[in-house]
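Comments concern the structure below.
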Amino acid sequence: MDDTSYVGMHYRSEDFNEERPNRYTIIRAQFDKWFSRKVRDAGVVLLCETTVKELLRDTHGKVIGVKTDRDGGTALADVVILGEGVNGLVGQRSGLRSELKPDSVALAVKEMHFLPREVIESRFNLKGNEGVVIEAMGTITAGMTGTGFLYTNQESISVGIGCIVSDFAENGTTPYGLLEAFKNHPSIKPLLANSECKEYAAHLIPEGGYKSIPELFGDGWIVVGDAGQFVNAVHREGSNLAMTTGRIAGETVVWLKRRREELSKANLAEYKRRLDETFVMKDLKKYRKIPEFLHSNKHVFGLYPRLVSAAAQTWFRVDGADKLTKEKEILRSFRKGRSLPGLIGDAFKLARSWR
Amino acid sequence: MTGMVETGVLGAKVEEKLFQNRYLVDAGRPHIKVRPHDTPSKALRSLTYTCPAGCYSLNDKGQVEITVDGCFECGTCRVLTAKTGEIEWEYPRGGYGVLFKFG
Amino acid sequence: MHIVVCMKQVPDSAQIRVHPVTNTIMRQGVPTISNPYDLFALEEAMRWRDRFGGEVTVLTMGPPMAEDSLRKALTFGADRAVLLTDRFFAGSDTLATSFALAGALAKIEQEFGKPLMIFTGKQTIDGDTAQVGPGIAKRLGLNQLTYVARIVDLAPEEGHITVERRAEGGVQVLSTRLPVLITMLEGVNEIRRGSLDDAFRAARAKIVTWNAADAGITDLTKCGLRGSPTIVKKVFAPPPRAEKAYQVATTDLSMEALAETVMDEIFKRQTSLEGDLMRFSAG
């Protein structure tokens with residue numbers, strides 16, 4: 001995207017209308033409510049509105065429970081599975097991992113815009129339970145490493161934008177200013193017309209990838225989800241990684257308990273072994289160099305989208321100029337924006353990081 | 001794009017956005033505090049624009065102040081000032097703070 | 001001492017918006033909460049339980065999801081929760097609601113002992129009628145103390161209670177005999193935060209769930225829509241008032257002068273008001 005245009009790639013496929021769709025958009029507050037009922041029905045004791053403050057350890061340093069912010073607030077446990085989210089204060093303050101780095105975590109802001117279902121269906125050409133996801137990059141992030149996004153729900157549209165935290169600090173742009181600009185981009189604005197915004201939210205996303213993954217297990221503890229940096233920034237996946245890590249942590253603990261094994265560091269290493277066999281670790285490993293590449297190659301977010309957009313305009317504009325001249329002009333604009341070695345170098349580095 | 005932001009069309013009022021949200025304010029127990037200071041570091045000053053809820057502002061003495069009522073508990077401010085240690089950051093007591101309707 | 005608190009799960013009315021174009025009330029995505037006024041009643045009930053010993057039972061009528069607010073009440077420290085839920089109760093107005101709750105309260109007395117006090121909030125934030133509490137008292141033949149600001153004295157053994165009741169023009173001090181139904185005013189206490197034990201107990205608790213038959217309610221013609229003479233003709237957002245706010249400029253900032261200026265302004269705009277007030281104060 002540049003300020004006035006966008007160049008897009010679309011993919012729509014009837015093949016995705018499977019009996020069990022492979023991707024969903026969910027509204028977390030509603031999902032969590034549904035899910036907590038499910039786990040309760042399965043016999044889980046669920047404590048809400050209680051903040052865990054720190055881990056309890058025995059004299060050998062083994063984790064034996066948690067301390068909460070309620071009176072009389074200690075709860076003992078055989079194992080503590082830390083699914084405490086991106087900020088991960090408990091683990092951090094208990095010395096399991098270090099504080100997040102401003103350059104490897106993104107701040108995303110998002111709004112929920114409500115529209116009648118029929119309007120969303122006709123506006124996005126949807127039928128049944130289909131949905132649309134739009135990911136956008138370009139001048140909308142004002143030179144920062146980040147992307148804009150929009151996705152449809154049944155009666156609402158989620159729209160937001162996220163950039164690396166250190167970029168926000170250097171750039172001086174407010175997150176909400178950036179979001180307003182994105183919403184007002186000529187290619188986004190009509191999609192939101194006449195909608196009513198019902199919530200504005202912000203969240204951090206761990207984007208450090210494979211290299212930022214902290215210690216994942218120890219004597220009496222396991223880390224899952226965002227707290228373990230389980231986010232695939234390239235494919236914008238996070239929830240599925242969180243769910244998978246959580247499931248495998250649970251299965252590992254059940255497996256050990258059935259065998260009457262201790263929940264020691266040596267035995268909990270099984271969690272990591274199992275995780276290594278899943279897409280979670282394999283994908284994160286594959287893209288381990290990408291975060292660095294994107295962070296040190298901001299052209300990807302500013303210059304290239306601008307160049308591609310300009311090229312597309314030159315290509316499509318019917319103005320009497322001959323095609324060969326147009327092709328030369330496009331090439332020239334790329335060369336002017338970035339030196340030939342620079343262009344080749346970027347392509348090479350991207351290819352290497354992608355491998 | 002910076003040009004667009006400066007045009008003012010998009011001088012978004014964050015207060016109006018926060019008005020859509022739902023909070024249970026734990027009156028008298030702010031979960032984030034700015035430590036007393038004379039001159040804020042660059043990192044601390046940056047919170048006046050990086051905070052997505054616009055919780056931070058400069059007072060007339062040039063010090064950074066916080067009003068936590070609109071906070072999302074996202075952690076941006078803590079991450080940015082981790083090195084300088086200028087703020088104290090806790091989650092609100094369980095049940096208080098932002099209550100996402102949709103999330 | 002057994003105390004029952006009647007609570008209601010209501011839509012968080014602060015989240016209900018009026019559509020700017022159609023002027024209709026938009027309820028989608030509005031979360032439900034425990035009626036805030038009921039929490040003052042619950043806290044008051046628990047304080048007296050803590051003082052004299054005994055149990056607090058919370059009772060609510062509503063759909064199965066009303067269980068959420070009951071579990072929350074248990075987390076705050078209530079001892080037992082009863083959910084009265086049945087499709088026959090759907091569409092109840094205040095008359096039918098008080099009928100059903102009175103039935104459930106009779107059953108609670110049978111099952112868990114006679115309550116000496118029954119509390120409700122002064123009203124709910126969705127209906128704002130303040131009728132259900134008195135309706136229950138009437139049906140159960142209880143003394144009722146409404147809009148109670150403070151319980152001055154309670155003597156369970158002797159069976160009497162003295163309260164301060166906020167009334168127009170002042171505070172009434174009322175004494176009566178137990179058992180009694182009390183509707184509590186807001187702001188008179190602050191709901192406690194339960195301990196971790198409370199939270200665990202609430203999470204594990206089995207909520208007593210009764211349908212009409214379980215509660216011994218047999219006359220279904222007095223329940224739900226059939227038992228509700230109230231007819232809602234239209235739900236609408238009140239139109240914005242035509243009168244505008246005026247700014248009154250003045251230089252003298254003393255309190256008397258400000259009062260004078262404002263009164264003058266009001267009398268200028270409401271011409272008959274001054275005369276009415278004169279007559280009223282003279283009579």
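Observations on the structure shown:
- When restricted to residues that are within 14 Å of another protein chain (Cβ to nearest Cβ) and either of a type outside the set (A, V, I, L, M) or buried (at least 24 other Cβ atoms within 10 Å of the Cβ) (or both), region A:205-232 contains 7.
- Of the residues making up region A:157-185, those that are of a type in the set (Val, Ile, Thr) and either surrounded by fewer than 22 Cβ atoms within 10 Å (Cβ to Cβ) or under 17 Å from B:Leu80 (Cβ atoms) (or both) number 4.
- Annotation note: of C:Thr146, C:Thr129, the sole residue that is more than 22 Å from C:Ala213 (Cβ to Cβ), surrounded by fewer than 22 Cβ atoms within 10 Å (Cβ to Cβ), at pLDDT below 95 and in the same structural domain as C:Ala199 (by TED's automatic domain parsing) is C:Thr129.
- Between C:Asp38, C:Asp68, the distinction of being of a type outside the set (A, V, I, L, M), in a helix (DSSP H, G or I) and either closer than 23 Å to C:Tyr147 by Cα or out of contact with any strand residue (DSSP E or B) (no Cβ under 9 Å at 6 or more places or on another chain) (or both) belongs to C:Asp38 only.
- Residues of region A:60-76 that are within 31 Å of the chain's Cα centre (by Cα) and either assigned to a helix (DSSP H, G or I) or among the hydrophobic types (A, V, I, L, M, F, W, C) (or both): A:Val63, A:Val66.
- Residues in region B:56-66 include at least one that is buried (at least 17 other Cβ atoms within 10 Å of the Cβ), away from every other protein chain (no Cβ under 12 Å) and within 23 Å of B:Lys13 (Cα to Cα).
- Among the conditions (1) acidic (Asp, Glu); (2) modelled with pLDDT of 85 or more; (3) in a helix (DSSP H, G or I), the only one that A:Asp319 does not satisfy is (3).
- Exclusive hit being surrounded by 24 or more Cβ atoms within 10 Å (Cβ to Cβ) and either farther than 24 Å from C:Gly159 by Cα or touching a Gly at 6+ places or on another chain (Cβ under 6 Å) (or both), set C:Thr97, C:Thr57: C:Thr97
- Filter result (assigned to a loop (DSSP other than H, G, I, E, B) and more than 8 Å from chain B (Cβ to nearest Cβ)) within region A:170-193: A:His185, A:Pro186, A:Ser187, A:Ile188, A:Ala193
- Hits in region A:8-59 - residues which are part of a loop (DSSP other than H, G, I, E, B), β-branched (Val, Ile, Thr) and in contact with a strand residue (DSSP E or B) (Cβ under 8 Å, 6 or more places away or on another chain): A:Thr25, A:Ile27, A:Thr50, A:Thr51
Conditions tested, residue by residue: (1) away from chain A (no Cβ under 14 Å); (2) farther than 25 Å from C:Thr97 by Cβ; (3) touching a Lys or Arg at 6+ places or on another chain (Cβ under 8 Å); (4) in a loop (DSSP other than H, G, I, E, B).
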| position | (1), (2), (3), (4) |
| --- | --- |
| C:Arg165 | yes, no, no, no |
| C:Thr183 | yes, no, yes, no |
| C:Glu186 | yes, no, yes, yes |
| C:Gly194 | no, yes, yes, yes |
| C:Ala199 | no, yes, yes, no |
| C:Arg226 | yes, no, no, yes |
| C:Lys234 | yes, no, no, yes |
| C:Pro239 | yes, yes, no, yes |
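- Within region A:51-63, the residues that satisfy the criterion of being aliphatic (A, V, I, L, M) and surrounded by 18 or more Cβ atoms within 10 Å (Cβ to Cβ) are A:Val52, A:Leu55, A:Val63.
- The listed residues are A:Gly148, A:Gly238, A:Gly138, and the only one of them that is farther than 24 Å from B:Lys42 by Cβ, within 14 Å of chain B (Cβ to nearest Cβ), at pLDDT below 95 and crowded, with 23+ Cβ neighbours inside 10 Å turns out to be A:Gly138.
The values are calculated or read from the model by the stated rules, or taken from the named source; none is laboratory data. This structure is a prediction, so every number in the text was calculated from the model and none was measured. Every residue, glycine among them, receives a Cβ derived from its backbone with ideal geometry; neighbour counts consider all protein chains shown.
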